[in-house]
Every structure is written in structure tokens, then in C-alpha cells.
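The values are calculated or read from the model by the stated rules, or taken from the named source; none is laboratory data. Worth saying up front: this structure is predicted, and the values here are computed from it rather than measured. Glycine gets a Cβ as well: all are built from the backbone with ideal geometry, and neighbour counts include every protein chain shown. These area figures cover heavy atoms from the full protein model, side chains too; ligands, DNA and RNA do not enter into them. Shrake-Rupley method; radii C 1.70, N 1.55, O 1.52, S 1.80 Å.
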Amino acid sequence: MNSIQQTNEKWKGKAKTELLGCKAQQVWLLLEDFFGLDKWFPTLSTCIPIEGTSGKPGCVRFCAGFKTPIDDHGKQTLNWTKQKLLSIDPTQKVFSYSIIDGNVGFYSYVSTVKVVTKDDGCEIEWLYEVEPVEGWRLEDLDFFIGSGLGIMAQRIQQALKTMEVALEA
């Protein structure tokens, strides 16, 4: 489920997805690995450390290889961003990061990702805010993040299920 809010200054949005049967702490342990986003986010082929220690505020990752909703099918340019971890709170299972450089036109982009405990599993919430992006509509960004988060959740659920089955064998 996604919700979109358009403001005069910045685009703001929120995507969330449920992971039924998954414990919030297990999901958090996978998401708090700031340099490991390529394991979960679809179309992201590269996520490597540039500076700092994963999970420590100030660390920076380089992410590349993703497609965006506005990319032409024949596009040869590699999409990339540098992302800086702003804050992290393992107790609350939440972190925030910003895009500090890149070639996709995201300026003043800040995201907060949170894992919330639910009765039948957990939920990942992804809040984002960015200056309007040239060539994009807010709906494009909402689709990009919302669909990416949905696939991330499927991959995480599958990985946790694989581990559960293996350990029961």
C-alpha cells in the first residue's frame, strides 16, 4: 500500500509492505546491513562501501545498476547514486539515509526505513522526500520505491523461510 502527497517544495511519499510470519528482529538484521542493499533491492547489481563502517552514521555506499520507471529500454547509461547513512536506531529498528551524489537527478533526497512489529509478522515502512525530479512524476517515484520494496519483502521472506526449513531438517 502506497500513499502520495505532493507539496510545493518537495515530493513526499510512503511505501509499506507486510512480511507475514517474519519476526521484526530477523528482518531488521538483514536491513541494517547498509552495504548489503543489493541482496534485496531488485535491479540493483552493485552496492559497495565507499567510506566508514556499515551501520555507523556517516558511512557511504555506492549503488548502481538499477533501472528507473523513466529509463528508455535501449538506455546504455548506468544509473548510480552515493548514499550516506544519517542515523540508525537498532532498538526502534529504523534508519535514515540521504543521496549525496548520483546521475538520476535526485536532489535533497532523504529516506527513513523502519521495521514495525505486527501480530502476524512485521511491516517495512519506507518514507521518502525529494525535490521534484526532472523527467519524473511523483507517481513514478512512488511506483519505483513501492514495487522495489514489495520485491525486497518477497526476497527477505524467502531467505528467512529457506533458513527455517534448513535448520529444521
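Scanning for something assigned to a strand (DSSP E or B), of a type in the set (Ser, Thr, Tyr) and either modelled with pLDDT under 95 or within 21 Å of SER45 (Cα to Cα) (or both), does the range 136-156 turn up at least one residue? Scanning the range 136-156, I find no residue that is assigned to a strand (DSSP E or B), of a type in the set (Ser, Thr, Tyr) and either modelled with pLDDT under 95 or within 21 Å of SER45 (Cα to Cα) (or both), so the answer is no. Scanning the range 150-169 for residues that are among the basic types (Lys, Arg) and more than 18 Å from ASP33 (Cα to Cα) yields one hit, LYS161. All of GLU139, GLU131, GLU123 fail the test of being farther than 22 Å from GLU9 by Cβ, in contact with a strand residue (DSSP E or B) (Cβ under 9 Å, 6 or more places away or on another chain) and of a type in the set (Asp, Glu), apart from GLU123.
THR117 passes every criterion in (1) crowded, with 18+ Cβ neighbours inside 10 Å; (2) touching a helix residue (DSSP H, G or I) at 6+ places or on another chain (Cβ under 7 Å) apart from (1). Residues in the range 95-114 that are surrounded by 15 or more Cβ atoms within 10 Å (Cβ to Cβ), in contact with a strand residue (DSSP E or B) (Cβ under 8 Å, 6 or more places away or on another chain) and not in a strand (DSSP E or B): VAL104, PHE106, TYR109. Residues that are in contact with a Gly (Cβ under 6 Å, 6 or more places away or on another chain), open to solvent by 20 Å² or more (accessible area, probe 1.4 Å) and either at pLDDT below 95 or on the phi < 0 side of the Ramachandran plot (or both) within the range 19-53 comprise LEU20, GLY21, GLU32, SER45, THR46, listed in sequence order. Do we have SER87 as more than 18 Å from ILE151 (Cα to Cα), touching a helix residue (DSSP H, G or I) at 6+ places or on another chain (Cβ under 9 Å) and either in a loop (DSSP other than H, G, I, E, B) or at pLDDT 90 or above (or both) here? Against the criterion (more than 18 Å from ILE151 (Cα to Cα), touching a helix residue (DSSP H, G or I) at 6+ places or on another chain (Cβ under 9 Å) and either in a loop (DSSP other than H, G, I, E, B) or at pLDDT 90 or above (or both)), SER87 does not qualify. Among the residues of the range 19-44, write down those that are outside any loop (DSSP other than H, G, I, E, B) and under 16 Å from LYS114 (Cβ atoms). LEU19, ALA24, GLN25, GLN26, VAL27, TRP28, LEU29, LEU30, LEU31, PHE34, LEU37, listed by residue number. Among the residues making up the range 94-128, those that are among the charged types (D, E, K, R) and out of contact with any Asp or Glu (no Cβ under 9 Å at 6 or more places or on another chain) are ASP101, ASP119, GLU125.
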